[in-house]
1. Mean 1/r over all different Cα pairs, inverted: what Kirkwood radius does segment A:1-160 give, in Å?
2. Given the convex hull over the Cα atoms of chain B, what projected area results after averaging over all orientations, in nm²?
3. Return the sequence-ordered ³J(HN,Hα) values of segment B:420-436 in whole Hz as given by the Karplus equation 6.51 cos²θ - 1.76 cosθ + 1.60 applied to θ = phi - 60°, using x for Gly and Pro.
4. Please state the charge dipole magnitude for segment B:27-169, taken about the Cα centre, from unit charges on C-beta atoms (+1 on K and R, -1 on D and E), reported in debye and rounded to the nearest 20.
5. Checking buried surface per residue: for segment A:141-159, which residues lose a minimum of 50 Å² accessible area in the protein assembly relative to the chain alone (1.4 Å probe)?
6. Rounded to the nearest 0.05, what FRET efficiency do B:ALA213 and B:ARG260 give with R0 = 35 Å and r taken as the Cβ-Cβ distance? Could you check?
7. Just read off the accessible area of B:LYS726 with the full protein assembly in place, 1.4 Å probe, to the nearest 10 Å².
8. Filter the cross-link list B:LYS455/B:LYS493; B:LYS658/B:LYS726; B:LYS239/B:LYS271; A:LYS76/B:LYS640; B:LYS640/B:LYS668 down to pairs whose alpha-carbon distance in this structure exceeds 30 Å.
Amino acid sequence: MEDTKNEVEKVAFEASEIEYVSYGGEHHLPLIMRLVDEELSEPYSIFTYRYFVYLWPQLCFLAFHGDRCVGTVVCKMGDHRNTFRGYIAMLVVIKPYRGRGIASELVTRSIEVMMESGCEEVTLEAEVTNKGALALYGRLGFIRAKRLFRYYLNGVDAFRLKLLFPHRPPMLANWEGNEVQCSDDSSKQYQGLPFECC
Amino acid sequence: MENEVEKPQQGIEMAETLSIPSGEGSVWTDVSSLIAAACKDLPDGELIHGGNFSLFAAMSALEIMDPKMDSGIDNGRYHSIDEAIENGAAPVPLSFDRTVDALCIIDIMDHLLACEATWHKGHSLAQTVFSCLYLLRLDRTSSHALLHSYCRVVHATCNAIISVVSDARTHEEEDLFTMAYGLPLGGEKDDRCLSNLNAVEETLCRQLRASKALSAKKMAVEDVEPLQTNFDLEEGFCKALLCRLRFRKHFYHLLMCMRRPQGRGFDLARKHISSCLSELERIRISSEFLRLVASKICDDGTLVRTTASGRQPVGFDANVNIRSSAPAPPRAIRTLSWKMALEYFEKLLHDLDIICSFSLDPLLENVLRFTVQFQKLQPDLVARAHLQLLLIQDGKLYGRDPIFAVICRAAALPEAVKDHDMQKNEFVVQLGQFVINLLKILCTNVAWQRRKLGKILQDWRIIYVQLELAFRKELGEFSNMSNDENLSMKMAKYILIWVEEQAYWIASRFLLLGFELDLYSSGEYCMVYWYIYVVLIKLAEKTHFRILASFDTAKRKGKKKRDSLMDLARDYQIPPAVLLLQCYICLADGLTTMLAALRNERKAFLSPGPFNTEHERFIQHFEHLQKACMPDHMSYLSFKESTAQASLSSLATHNHFKDAQRIARELKSSFAHDPDRVAELRHIEQVAEHNSIALNVISRVGALDTTLKISFEFTYHPYFAVAVVKRS
């Protein structure tokens, strides 16, 4: 992905200066949209954003440095072939803030909520060339379960990454099951959800 | 929105005029104000969430006038093909200056070739080959024999290629390839395109001869109208055009030859491949001439990559067709360069040549090996589709051998049983389908292939159980198996051994492909090699059984039973195929032990994560194998138990790599006639040797030396890593 702003210089900051907040409502939506639009090449309609943040606001987090939103994670969860599964849809940290663990922190928070909500596993797709993302998810315990041939419209293959939680008795909190029948595979050919992180 | 508000009112009027009566419990009422209020409540970008509004629906929604999403957006250029043509975007002739005309046609040919390669590489036909306005309106070119003949043969070639790929149906993940709706394809009689092409070629030949004669004797020998007006350029132009036309001709012939049943056209196809490659070379050489001419005639300084001359081709508009490229949102396509297109076609031709050179070996084992070797060359979709069409035609191997006969041969049964009634057994029929399915899967791209192989493992396991039950029911207990004279019993026994062997072969391919696809991280290598080890042991065991059975069958033909048993004991040698598997087993065992020892003693290659453990990663990676019980009773616990005590000192006393090296060396003479396997044995030796050395270094320096950096790389073999030891 092209860096649209040429902001390659790192910003000096202490880890403690970064504030992580859960999605707090309509005022956060433009921040998320701008971040994703700027950093990722795939176009998403406003409906895609709303689909995620309205159904699973608890799985969406933002990272702020002062007033500046520097990173975000957008996810969902629901039934997928008899498994209650979390799905990480978008993860973005703007370039000057990468490499300092912000993406890790954002995604860890989402995964924790998924785990508490009874998810059995978490999945996502990442470009095979996105070494940063692959390393990050590898550290968190994701395996590369499948390779998806020319998954993205730019012709690049993707890995389907999966994180299986240790087995626990099934939870009853299957509260969004009906809403999320859409398989992750079905979005292929239209817009792969690309990931940019670290 | 205002229109929306007015509509219900119209609806009411309509309802009244049509006199639709109010139903039971319902009456017509004016809801305009309600809808108006709802509209006011719902600004742009908001949505009412319905139960059926899925991610798919959200992502399919387009924002009108967003240049990234709206393929119908006015891009400031032509709105239709007709409008483009009316505005002179694709003139016929291309220029009234015949020299410029000839150059422009060559540019079109080159750009079309680049488009065609780009299409083969996975972009839509609409945005590549059919960005050519001349192809979109073929009739318009009929007055221009050269352009017309070229466009027609390209058109015919597209039809032929789409037909091969659609028939093979190996393109599940590459389905954009055959999408051609809205495009002027099919329907036409393509055969005639060759007579057109031949006529044009003949004219060009005469023009070339005339120009040569003229330059030699400085006089006209034939009454031939030259191609263009500049005498000095005539020969160069004729040559540049001839090689381009001839390439198309041979390529089309080649495709037709390859479609003949049972590989009957392969000898001829190979001749066309050879001609195509020569013409491609001539096309490449013509670039120098074309660049020179382009710089003389019309040097505007800008060079494009998609033509030999470097000139922008006339008559292409990728946007005019953008709406036909559904269902994908519009994307700018980067057309391959002309040079890359030449390379693509050379690669395709070499791949097709390998298919045409295949001996149509009737033994399934060899078919599988050929397919696996072929895939190592990373063939693209078109070549893979041709292989698949060769392997399976009319439900038979090569359209020639019935699948039951293939199974019998594979299971080392005598030729005579291929008409046996057993082939009517429903599970045997199903097994035949599985074999066909397996061959098809092996022709798909490796990413998809691995996923499908994982899924069919269970099918093979289940069919084994079903066949065993069916045979028992039909033939009685296998414990009476000493009675091998009973043909049915023998067939049942041999087929079962083979099904198991085949299932383990699939399992091993599934595991090994994980390396090719880069699915394993170094922290997982230990368990992966352990699983490969246990699967290969089973595979070697089953293969050995099957080969022994065939040995037995062969012996029995000529000798009495008592003699044959004695011979068996005397002549017994482990077959080379089993020994080759033994090499892999030693490598896998060695790598498992080395990695386990490094984990146990150096705490290296462990990958702890905050959310799960290695156990979960084991379940995920081997889920398909575990579900199919391959092998039985193998679990994470077995892995932990067999690696818990691994140490570098024990590995030094029993060096598996040395064993692999020794067996590989001994095997070379057995495979002397097979260069692929000789190369494979050399790679095995290299992996073994380098790992032995690495092991020595680590042992000498001491496992606990923290300055030692150890990594694993696939320098000598795609699946078996070598340890690289460095001191930091």
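The values are calculated or read from the model by the stated rules, or taken from the named source; none is laboratory data. Predicted model only: the values in this text are computed from it and were never measured. Reconstructed Cβ throughout: ideal geometry from the backbone, glycine too, with neighbour counts over all protein chains shown. Calculation scope for accessible area: heavy atoms of the full protein, side chains included, ligands and nucleic acids excluded. Shrake-Rupley method; radii C 1.70, N 1.55, O 1.52, S 1.80 Å.
1. 16.3
2. Orientation-averaged projected area of the Cα hull: 49.8 nm².
3. 4, 4, 4, 5, 8, 4, 4, 6, 5, 4, 4, 4, x, 4, 5, 5, 4
4. My answer is approximately 560 debye.
5. Residues of segment A:141-159 that lose at least 50 Å² of accessible area once the other chains are added: A:ILE143, A:ARG144, A:ARG147, A:PHE149, A:ARG150, A:LEU153.
6. 0.30
7. Its accessible surface works out to 130 Å², give or take rounding.
8. Violating the 30 Å Cα-Cα cut-off are A:LYS76/B:LYS640; B:LYS640/B:LYS668.
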